[in-house]
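Structure first, then comments.
The values are calculated or read from the model by the stated rules, or taken from the named source; none is laboratory data. All values derive from a computational prediction rather than experimental measurement. Neighbour counts are summed over all protein chains in view; Cβ atoms, including those assigned to glycine, are modelled from backbone coordinates with ideal geometry. Quick note on the areas: whole protein, heavy atoms, side chains included, nothing else; ligands and nucleic acids left out. Shrake-Rupley method; radii C 1.70, N 1.55, O 1.52, S 1.80 Å.
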Amino acid sequence: MPQGGFSAEHGLDATGLRFAIAVARFNAQVTGPLLEGCLGELRARGADEGIDAFEVPGCFELPLTAKVLAESGRYDAVICIGAVIRGDTPHFEYVSSATAAGVQQAALETGVPVIFGVLTTDNEAQALARVGGAAGHKGREAALTAIEIARTIRALRGRTSAGART
Ligand code: INI
């Protein structure tokens, strides 16, 4: 564990943190379970009152939505949830790379953590394996990442509470 940092081994506590979740409707058979897992993990760790969820058509719409949510000043972290599944056209590459770059850009431009809870897989079976199947649950992982980085950024800024909630 780095000096002065946090360790997830000690348990992540989401009490008092506020989260926005932007979830894509495209491939809803995957993004629905991703969202459920994410919500379940956040609530299990105490964020019950502090979660707002917003639906968007597809992953391509996630970055701007995340940026607007981050700019609102209401959230300690924004979680983007989506699933890009490879088809027979280059569309997959455009959507997945634009989404990844845009999500990162939203975080860097706003200073608010924006989590990439977006699956990019070759087929639906690979995606479903990542929502509670053999390959874990990426929705739960996104929630844990959001809690950890929200706590880290808050500590680095020397804040004791989210400034936007006053
Ligand atoms: N959106 C997704 O979330 N996942 C996909 O796999 C996908 N594919 O493959 O096309 C997808 N396309 C829609 C895109 O995100 C936008 O909603 C659309 O292009 C309108 O901007």
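The requirement of being touching a Gly at 6+ places or on another chain (Cβ under 8 Å), within 19 Å of Thr152 (Cβ to Cβ) and within 16 Å of the ligand (Cβ to nearest atom) is satisfied by Cys80. If you go through region 9-41 and keep only what is over 26 Å from Glu124 (Cβ atoms) and modelled with pLDDT of 95 or more, you end up with Asp13, Ala14, Thr15, Gly16, Leu17, Arg18, Phe19, Ala20.
Out of Ala150, Ala143, Ala162, report the one residue that is within 24 Å of Asp13 (Cα to Cα), open to solvent by less than 60 Å² (accessible area, probe 1.4 Å), modelled with pLDDT under 95 and hydrophobic (A, V, I, L, M, F, W, C).
Ala162
When the test is whether a residue is in contact with a Ser or Thr (Cβ under 7 Å, 6 or more places away or on another chain), among the hydrophobic types (A, V, I, L, M, F, W, C), open to solvent by less than 40 Å² (accessible area, probe 1.4 Å) and under 20 Å from Glu55 (Cβ atoms), Ala77 does not pass it.
To keep it simple, each residue is scored yes or no on (1) touching a helix residue (DSSP H, G or I) at 6+ places or on another chain (Cβ under 7 Å); (2) under 12 Å from Ala22 (Cα atoms); (3) within 14 Å of the ligand (Cβ to nearest atom).
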{"residue": "Arg45", "(1), (2), (3)": "yes, no, no"}
{"residue": "Gly73", "(1), (2), (3)": "yes, no, no"}
{"residue": "Glu93", "(1), (2), (3)": "no, no, yes"}
{"residue": "Ala106", "(1), (2), (3)": "yes, no, no"}
{"residue": "Thr121", "(1), (2), (3)": "yes, no, yes"}
{"residue": "Val131", "(1), (2), (3)": "yes, no, no"}
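When region 21-70 is limited to residues that are part of a helix (DSSP H, G or I) and of a type in the set (Lys, Arg), the one that is most open to solvent (accessible area, probe 1.4 Å) turns out to be Arg43. So, of the residues in region 33-50 that are under 12 Å from the mean Cα position of the chain (by Cα) and of a type in the set (A, V, I, L, M, F, W, C), which turns out to be farthest from Cys80 (Cα to Cα)? Restricting to residues being under 12 Å from the mean Cα position of the chain (by Cα) and of a type in the set (A, V, I, L, M, F, W, C), the top hit is Leu42. Applying the selection to region 71-110, what residues are in contact with a Cys (Cβ under 6 Å, 6 or more places away or on another chain) and part of a helix (DSSP H, G or I)? Matches in region 71-110: Val95, Thr99, Val103. There is at least one residue in region 6-13 that is outside any strand (DSSP E or B), of a type in the set (Phe, Trp, Tyr) and either more than 12 Å from the ligand (Cβ to nearest atom) or loosely packed, with under 15 Cβ neighbours inside 10 Å (or both). Exactly one residue among Ala106, Ala135, Ala83, Ala129 is open to solvent by less than 60 Å² (accessible area, probe 1.4 Å), more than 11 Å from the chain's Cα centre (by Cα) and either farther than 26 Å from Glu36 by Cβ or at pLDDT below 95 (or both), and that residue is Ala135.
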